[in-house]
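The values are calculated or read from the model by the stated rules, or taken from the named source; none is laboratory data. Everything numeric in this text was worked out from a predicted model, so none of it was measured. All Cβ positions, even for glycine, are placed from backbone atoms using ideal geometry, and neighbour counts span all protein chains on display. Heads up: the accessible areas ignore ligands, DNA and RNA and are worked out on the full protein's heavy atoms, side chains in. Shrake-Rupley method; radii C 1.70, N 1.55, O 1.52, S 1.80 Å.
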Amino acid sequence: MRALIDLQSKLFPDLLSIMQRRYETLTLIQLMEPIGRRSLADHLNIAERTVRTEIDLLHEQGLIEVTTKGMHVTNTGKNVIVQLEAFMNELRGFKDLEQQVKQRLQLDHVVIVPGDSDELSWVKQEMGKACVRYMKEILRSDDTVAVTGGGTIAAVAEMMTPLEQAGNCLFVPARGGLGEQMENQANTICAEMAKKANGTYRLLYVPDPLSEESYQTIIEEPSIKEVLTIIRGAGVVVHGIGDATTMAERRKTPQEVIDTIQEGKAVGEAFGYYFNEEGSIVHKVRTVGIQLEDLQHTNCVIAVAGGKSKAKAISSYFNLGQSNVLITDESAAKELIKGSSL
């Protein structure tokens, strides 16, 4: 395919850039439908006049439908997106980039989506869609899936669709999280995923973080104990990776703990653990749910995280080697393979 791409670029130098722009326009409409022209222009960061020209062509080809509420992708358009995806990834050089990240972090599988989620909100949805697609490949009937909270994992739930080949999957929160924004809590995300996947779910109603005394009391509660046993036995875990300072502030962490995190030069956070660039743990939040050691017994641990600003956080987490799959975006991936510059 690479040879074909090179040949096309020589014979039709503008063809590939035009194709890429129209493909991105079509996929963005699908992600955000119904969407208007002005909003689409803002998200693509191109002139509204250019967008109008592209929309007219896509509409004439029967790839989108334009209504008073906004634009929708037709079934024909959806088929075009599916059939062109591999070609567009090859065109962008993502296969090579995925291989480089895979080798750099010593992973089993890497999926990269275009863009930078720091700058474009729809890139998170693209990562969510890629994660759902991968989950459909690996999940089997009656599997148990544990999910964490956070905005990126919420995007996975948003993009979830029925799991036709994996009936009756059980979704559980990977940890407690009462106290965060409702839409970003693991319980909320878990329930939404289960409903969209036509699965079932169990919830974990505990705050995060906890004092040591409260923790020891809560984990002995029969109902909590039962759910914890299910969570720790999950065959698939889906989680995010956060920037250390951002996560500490979001959780309203006491100043003395923030000082500890900063003195330890923490750059990343996952599962309540804060890591420095070498992957050493500098602080741990006492939470009810999955601990890092539990991941050693899990078949598939999928990290979903992107954005250039999170490259250090992603790298620090994978220095521990606890997850074997990464879903990320182009900007983060390019930062990751710089290696020593991180």
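Worth pointing out:
- Of the strands (runs of 3 or more DSSP E) entirely within region 106-208, those holding at least 2 residues that are more than 20 Å from residue 317 (Cα to Cα) and at pLDDT 95 or above occupy 144-147, 170-173.
- For region 44-72, the set of residues classified as farther than 24 Å from residue 86 by Cβ and in a helix (DSSP H, G or I) consists of 48, 49, 50, 51, 52, 53, 55, 56, 59, 60, listed by residue number.
- Residue that is surrounded by the fewest Cβ atoms within 10 Å (Cβ to Cβ), among those in region 140-171 that are among the β-branched types (Val, Ile, Thr) and farther than 13 Å from residue 288 by Cα: 161
- Flag set for residue 95, criterion: surrounded by fewer than 16 Cβ atoms within 10 Å (Cβ to Cβ) and either modelled with pLDDT of 95 or more or part of a helix (DSSP H, G or I) (or both).
- Any hit, region 52-61, residues being β-branched (Val, Ile, Thr), more than 19 Å from residue 329 (Cβ to Cβ), at pLDDT below 85 and surrounded by fewer than 16 Cβ atoms within 10 Å (Cβ to Cβ): no
- Every residue from region 292-322 that is open to solvent by less than 10 Å² (accessible area, probe 1.4 Å), outside any helix (DSSP H, G or I) and either on the phi > 0 side of the Ramachandran plot or not β-branched (Val, Ile, Thr) (or both): 303, 305, 306, 307
- Test result for residue 289, open to solvent by less than 10 Å² (accessible area, probe 1.4 Å), more than 21 Å from residue 102 (Cα to Cα) and in contact (Cβ under 8 Å) with a residue 60 or more places away in the chain: yes
- Enumeration of residues in region 62-74 that are at negative phi and touching a residue at least 12 places away in the same chain (Cβ under 8 Å): 63, 64, 67, 69, 71, 72, 73, 74
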